[in-house]
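The structure appears right after this line, and notes come after that.
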Amino acid sequence: MYSFATGKWDTMSTYVFDYYNIPKQPYEDEKTEDLQLENQVKAPELVEADFRSCHHRAHIYSEDGTDYVFFLGGFQNDYLRHFDKTPYTSNKFDVSRISKFSFSSTNSNLLRIPVLNVRSQRWKFSRFFYDLSECVTPQAMEILMGNDFMRNTRTSFHGGAFSLVGKQITICHGIVEFVPEKKEDFGKISKHLNATTVLLGGHTHLTFPNM
């Protein structure tokens, strides 16, 4: 958290409900199939949260007198682990585990944006929806879904612009990097795409019915 009064960054304790009780270190692979809605525990425990991210955007949204911060884009642990000189460890719950933007997800339950309630310092996860049927060619979908290592990739946006209006977030242009679910697949994607980054030449609209 940045303090304008001191001009310094400070850490802030935040909390989240551990809906799955499946411990995982930030440097380990996630098993997407384990994080289905039907696998949630009946009485989730409120635990300390960890949100490690860079190059993201933060937007403030007010509802019923409460301020929320939406965190959009950027790079999280599944990307940063490839550049850590020593593995990053944390016993706190990694917020990015259950909030992910993906064009090729096999678990739609994870298509959520992490949202911090500023007053309670608790995280919630807003489900979003999008439709690619009219704007992506079959050839592009084959690139995204035709290989096992492309499925469940996190689509990390940076640069470009984000806007939050009403029930919709718009992502405008910028650069995209696909982050694989498995660490061993990181190098395969750049070979598959013949590039490490992809230019986003359009607008992506995410709709949030519950906002």
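Every number here is computed from the coordinates shown, using simple stated rules; none is lab data. All values reported here derive from a predicted model rather than from experimental measurement. Reconstructed Cβ throughout: ideal geometry from the backbone, glycine too, with neighbour counts over all protein chains shown.
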request  = Just need a number here: residues in the range 52-73 that are out of contact with any Gly (no Cβ under 6 Å at 6 or more places or on another chain), crowded, with 18+ Cβ neighbours inside 10 Å and either closer than 18 Å to T11 by Cβ or of a type in the set (G, A, S) (or both).
outcome  = 2
request  = Considering only residues that are over 16 Å from the mean Cα position of the chain (by Cα) and among the charged types (D, E, K, R), look in the range 20-40 and name the one that is surrounded by the fewest Cβ atoms within 10 Å (Cβ to Cβ).
outcome  = E38
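Of the residues K124, K100, which is without any contact (Cβ under 8 Å) to a residue 60 or more places away in the chain, over 18 Å from T196 (Cα atoms) and in contact with a helix residue (DSSP H, G or I) (Cβ under 6 Å, 6 or more places away or on another chain)?
Details: K124 fails: in contact with a helix residue (DSSP H, G or I) (Cβ under 6 Å, 6 or more places away or on another chain).
Only one candidate passes the filter, namely K100.
Among the listed residues S163, S156, S120, identify the single one that is over 19 Å from the mean Cα position of the chain (by Cα) and small (G, A, S). Give the derivation first.
Values: S163 fails: over 19 Å from the mean Cα position of the chain (by Cα); S156 fails: over 19 Å from the mean Cα position of the chain (by Cα).
The conditions single out S120.
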query = Looking only at residues in the range 41-80 that are closer than 21 Å to P23 by Cβ and acidic (D, E), which one is nearest to the chain's Cα centre (by Cα)?
reply = D78
remark   = Per the filter on the range 160-179, residues under 18 Å from T197 (Cα atoms), without any contact (Cβ under 8 Å) to a residue 40 or more places away in the chain and out of contact with any Leu (no Cβ under 7 Å at 6 or more places or on another chain) are A161, C172, F178
request  = Please go through the range 5-33 and pick out each residue that is free of Cβ contacts under 8 Å to residues at least 12 places away in the same chain and aliphatic (A, V, I, L, M).
outcome  = A5
remark   = In the range 79-103, anything polar (S, T, N, Q) and surrounded by 17 or more Cβ atoms within 10 Å (Cβ to Cβ) is listed as S96, S99, S102
